[in-house]
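Worksheet: one structure, shown below.
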């Protein structure tokens, strides 16, 4: 990696460069180059899949020679795994934006659902989890395992929101957090697939509305302290009786 960066623009003495800049700067520069390669490869893998994306396309997008890529990644598979991690982080950031400002766990879950549907991902190709799950179903075992890890992490985060709501007493007792998380994830990902095939957002918007209603149904109903009124007619006399609520 060190010699590679010297070849990218430094023609002086290597020892002098190390004395002036130190190894830390070389490492940071190497990390930047690695991240650049990953950032260029991520949308290609996300759109074309592992087999459909060639190293030549990645070289062209990253504007780097093949040898430069293999100085940072031992194989195409290693690069694809890093690209998936990058892509998943990108879309997850958009979906969770602003959630930390919401204290109520169920409202936070509702906000996540809205973010999923209403925030357009910056990464081309759609959801990397859905794409990788389909692409690796009969293909790359390492990518499939990485997608499974991402799904497990997503499900755990949603479960923790439901758990928190139950501990705070805002969600009904007896709710199964894992079941709630599976319903939310399954409906959102399924609606995303349908919207892509239909070429419109109807399925996503319908899923959002149904899921918001579902989350609302999990909330503990707080009895109203207000007294309801009801008019009753007595024989020969009309009176308004106040019926305790």
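The values are calculated or read from the model by the stated rules, or taken from the named source; none is laboratory data. Everything quoted here is computed from the prediction, not taken from an experiment. Cβ placement follows ideal geometry from the backbone for every residue including glycine, while neighbour counts extend to all protein chains displayed.
Just a yes or no: is a residue in the stretch 184-191 over 19 Å from residue 97 (Cβ atoms) and in contact with a strand residue (DSSP E or B) (Cβ under 9 Å, 6 or more places away or on another chain)?
Looking for residues that are over 19 Å from residue 97 (Cβ atoms) and in contact with a strand residue (DSSP E or B) (Cβ under 9 Å, 6 or more places away or on another chain), one finds none in the stretch 184-191, hence no.
Regarding the stretch 77-95, can at least one residue be identified that is under 16 Å from residue 164 (Cα atoms), touching a helix residue (DSSP H, G or I) at 6+ places or on another chain (Cβ under 9 Å) and assigned to a helix (DSSP H, G or I)? Outline the logic, then answer.
First, pick out the residues of the stretch 77-95 that are under 16 Å from residue 164 (Cα atoms): none.
Looking for residues that are under 16 Å from residue 164 (Cα atoms), touching a helix residue (DSSP H, G or I) at 6+ places or on another chain (Cβ under 9 Å) and assigned to a helix (DSSP H, G or I), one finds none in the stretch 77-95, hence no.
Confirm whether residue 146 is in contact with a helix residue (DSSP H, G or I) (Cβ under 8 Å, 6 or more places away or on another chain) and more than 24 Å from residue 205 (Cα to Cα). Don't jump to the end; show me each part of the working.
Numbers: in contact with a helix residue (DSSP H, G or I) (Cβ under 8 Å, 6 or more places away or on another chain): yes; more than 24 Å from residue 205 (Cα to Cα): yes.
Judged against the criteria, residue 146 is a match.
Anything in the stretch 56-76 that is surrounded by 14 or more Cβ atoms within 10 Å (Cβ to Cβ), assigned to a helix (DSSP H, G or I) and either touching a helix residue (DSSP H, G or I) at 6+ places or on another chain (Cβ under 8 Å) or at pLDDT 95 or above (or both)? List them, or say none.
Taking the stretch 56-76 and keeping what is surrounded by 14 or more Cβ atoms within 10 Å (Cβ to Cβ), we get 57-59, 61-62, 64, 68-73, 76.
Keeping just the survivors that are assigned to a helix (DSSP H, G or I) gives 57-59, 61-62, 68-70, 76.
Of everything in the stretch 56-76, those that are surrounded by 14 or more Cβ atoms within 10 Å (Cβ to Cβ), assigned to a helix (DSSP H, G or I) and either touching a helix residue (DSSP H, G or I) at 6+ places or on another chain (Cβ under 8 Å) or at pLDDT 95 or above (or both) turn out to be 57, 58, 59, 61, 62, 68, 69, 76.
This table checks each residue for (1) at pLDDT 95 or above; (2) closer than 30 Å to residue 222 by Cβ; (3) surrounded by fewer than 16 Cβ atoms within 10 Å (Cβ to Cβ).
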residue	(1), (2), (3)
121	no, no, no
125	no, no, no
133	no, no, no
156	yes, yes, yes
164	yes, yes, no
